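Engineer: Before anything else, here's the structure in question.
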Amino acid sequence: MKNNNIKNVVILGGGTAGWMAAAALSKSLANANLDISLVESEEIGTVGVGEATIPHIKFFNHLVGLDEKEFLRETNATYKLGIEFVNWGKLGDSYVHPFGPYGIDMQGVHFHHTWLRQKRKGTAKPIEEFSLPGMAAKAGKFQHPRPDLKSSPLSSIDYAYQFDAALYAKFMRKLSEGRGVKRIEGKVTSVKQNIEKGHIESIELESGAVVEGDLFIDCSGFKGLLIEQTLKTGYEDWSEYLPCDRAVARLSERQETVHAYTKATAKEAGWQWRIPLQSRTGNGYVYCSKYISDEDALASLNRDLDTPPIADHKFLRFKTGIRKKTWNKNVVAIGLAAGFLEPLESTSIHLIQTAIARILTNWPDKHFNEHDIEFFNRKTQAEYEQVRDFLILHYHATERDDSPFWQYCRSMEIPKSLERRIAIYKENARLYREDTELFTPVSWFAVFNGQNIEPSRYHPLADILDDDKLETRMAELYRATQRCVEVMPSHEQYLKDVCR
Ligand SMILES: Cc1cc2nc3c(=O)[nH]c(=O)nc-3n(C[C@H](O)[C@H](O)[C@H](O)COP(=O)(O)OP(=O)(O)OC[C@H]3O[C@@H](n4cnc5c(N)ncnc54)[C@H](O)[C@@H]3O)c2cc1C
């Protein structure tokens, strides 16, 4: 019987997406008798931003066999306990979207219902004070979770990293090449398709070299050289919901104290990020070109840097949305070639990671089963839509009307799926999680509450405790959180110790 197993895998692109894919496939499919090549062009280069992540990256790092200490040292990384949002609900507001729960769930209902009850009574402390990661981030503290201390908030904190994306890709490259991935330098100038089915058979480089493959993974960045320029797959444009379409990025000196959180400050026509690494700070203004010029965005970024710049600025253009199919024929698009949702919640690298996991689950043979492909595309679309809705909430749930940009955002039409979620929360504070949706009720609550959306009522089960018990229980939780923050080491010192 003819063997239809995939033999040659060609990854086009050596940015974060390409090298993450190479590292994961070469590890997970080590016994599948595959030849994996990665084609990249130094002349074209990579996007080179993408420094903040979410906790799931730890699973990926584990999968590819990274040692955390080595990874922190090699990528200049810091720990990340959440994101601080400044000026989003209204000017002067600030809240943290933490990586980990608030308090603990009581009577089978989410903690926020109990907190809302206390808030109605007028005795509640700010919600942040029940969040260990949020409090620790602001206090400059960090330590790994302690799952062994079952009744302590230390058991349930979670964390991610902030790192130099270029160094991360380099690190992935080292791992991949060590496992036999063949790197080919060169610019792709033409693509050969099968006449009958339209599948891609080979790519030709400027040098004249031809690289043949059975499966092509398109990690060529925004242009989507195979998925779009060759296969004309089409793009679903979401810029009516997520209108920012440009960014200007600039590195600055390291902060005196390196924070274990990313800061996202809403501005006149978008928002500015600040991502602290061990050796420097990443900054950028993500903005909507309809409401501010490039020159004004750059001036605004420069004005709001916390530390002196150490490199020239870099402009980037994008269109938020997703390819109509991220898997088309024998091409799977990953990373920016698949779509882009803007970096507000640091989700792009995560979406690379889940796409890789999905390819592994649905690993094809040369028949390229249509049902597998349809399943892959449906799951990818659902995942992007869920993240999209979460991002839109940040823009839409605002009282700001101090600029045409915010006037647009607060009154724009939003997807029905998000409209439903907002209506349910406003009515009874409930937060439903769809299947394996990335963002948990804790994340949704952080943004709803942080951006001043008040529900009409809370879950009736939150009324079960009598008033005295409620106050005692909440006071205990509050004290437990404060005590943990006090005993945690400083992030700065912890990093030094780990990286030593
Ligand atoms: C402003 C901004 C901020 C971001 N911040 C974050 C963040 O904080 N967190 C996060 O998770 N993500 C972030 N991202 C997303 C993140 O940068 C990307 O997801 C990540 O860098 C992956 O990019 P990529 O590998 O898909 O594409 P690229 O980095 O663009 O790589 C494309 C590769 O394809 C190669 N290539 C292209 N054309 C050819 C050709 N013709 N021949 C040969 N090779 C070719 C290039 O040489 C390059 O190697 C951000 C993105 C932007 C725009």
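Where a number appears in this text, it was derived from the coordinates with a stated rule and is not lab data. Note that the structure is predicted; figures quoted are calculated from it, not measured. Positions of Cβ are backbone-derived with ideal geometry, glycine not excepted, and every protein chain shown enters the neighbour counts.
Engineer: Quick one: 3J(HN,Hα) in Hz for segment 389-406, Karplus 6.51/-1.76/1.60 with θ = phi - 60°, rounded, Gly and Pro as x.
Structural biologist: Once rounded to whole Hz, the list reads 4, 5, 5, 4, 3, 4, 7, 7, 7, 9, 9, 5, 9, 7, 8, x, 4, 6.
Engineer: A follow-up question, please. Sum -39500 (n - 2.57) across every DSSP H segment of at least 4 residues in the chain, then divide by the residue count to get the 222 nm mean residue ellipticity, nearest 500.
Structural biologist: -11000 deg cm²/dmol
Engineer: Set Lys and Arg Cβ to +1 and Asp and Glu Cβ to -1, take the dipole of segment 131-218 about its Cα centre, and tell me which of PRO145, MET172, TYR159 lies farthest positive.
Structural biologist: So the residue we want is PRO145.
Engineer: Okay, moving on. Quick check: the angle from helix 441-450's long axis to the longest principal axis of the chain, C-alpha only, nearest 10 degrees?
Structural biologist: With rounding to tens, the tilt is 60 degrees.
Engineer: Can you put ASP468, ASP105 in order, fewest other beta carbons within 10 Å first?
Structural biologist: Listing ASP468, ASP105 from fewest to most nearby Cβ atoms yields ASP468, ASP105.
Engineer: Another question about this same structure. Please list, in order along segment 320-327, the HN-Hα scalar couplings obtained from phi with the Karplus expression 6.51 cos²θ - 1.76 cosθ + 1.60 (θ = phi - 60°), rounded to whole Hz, x for Gly and Pro.
Structural biologist: 5, x, 8, 4, 4, 9, 8, 10
Engineer: Going by how many other beta carbons lie within 10 Å of each one, how would you line up SER403, SER41, SER348, SER456, fewest first? Don't skip to the end; give the middle numbers.
Structural biologist: Numbers: SER403 14, SER41 18, SER348 25, SER456 9.
Neighbour counts put them in this order, fewest first: SER456, SER403, SER41, SER348.
Engineer: Give the long-range amide H neighbours of LYS182: residues separated by 5 or more places, or on another chain, with amide H under 5 Å away, using H modelled in the peptide plane at 1.01 Å from N.
Structural biologist: ILE36, SER37, LEU38
Engineer: Here's a follow-up. Which percent, nearest 5, of DSSP beta bridges in the chain are antiparallel?
Structural biologist: In the chain, DSSP labels about 70 percent of beta bridges as antiparallel.
Engineer: Let me ask something additional. Using only Cα atoms, tell me the angle between helix 294-303 and the longest principal axis of the chain; keep it within 0 to 90° and round to the nearest 10.
Structural biologist: 50
Engineer: Okay, next question. Using the Karplus equation 6.51 cos²θ - 1.76 cosθ + 1.60 (θ = phi - 60°), what ³J(HN,Hα) coupling, rounded to whole Hz, does each residue of segment 64-71 give in order, writing x for Gly and Pro?
Structural biologist: Working through the residues one at a time gives 7, x, 7, 8, 4, 4, 5, 4 Hz.
Engineer: How many angstrom lie between the Cα centre of segment 17-78 and the Cα centre of segment 258-310?
Structural biologist: 26
Engineer: Let me ask something else about it. Quick check: the angle from helix 111-121's long axis to the longest principal axis of the chain, C-alpha only, nearest 10 degrees?
Structural biologist: 30
Engineer: Sticking with this one: Just report the Cα centroid separation between segment 339-356 and segment 210-238, whole Å.
Structural biologist: Using only Cα atoms to place each centre, the spacing works out to 17 Å.
Engineer: Ok, one more. In which sequence would VAL332, VAL96, VAL487 go, from the one with the fewest C-beta neighbours within 10 Å to the one with the most? Don't skip to the answer; put the middle values down first.
Structural biologist: Numbers: VAL332 31, VAL96 22, VAL487 9.
Sorted ascending by nearby Cβ count, the order is VAL487, VAL96, VAL332.
Engineer: Quick one: net charge around SER151, please, counting Lys, Arg +1 and Asp, Glu -1 for every other residue with C-beta under 15 Å from its C-beta.
Structural biologist: +2
Engineer: Check which residues have an amide H placed less than 5 Å from GLY14's amide H, if you skip close sequence neighbours.
Structural biologist: Those qualifying (amide H under 5 Å, at least 5 residues apart or on another chain) are SER41.
Engineer: Using Cα pairs closer than 8 Å and at least 6 residues apart in sequence, work out the relative contact order for the chain, in percent.
Structural biologist: Values: 959 pairs, mean separation 109.9, N = 500.
About 22 percent, as a whole number.
Engineer: Where does the longest stretch of the chain lie that holds no GluC sites (Glu not before Pro) found in a DSSP loop with 14 or fewer other Cβ atoms within 10 Å?
Structural biologist: It runs 44-195.
Engineer: Also: Quick one: which residues, 5 or more positions from ALA333 or on another chain, have an amide H under 5 Å from its amide H? H modelled 1.01 Å from N in the peptide plane, none for Pro or chain starts.
Structural biologist: ASP218, TRP327, ASN328
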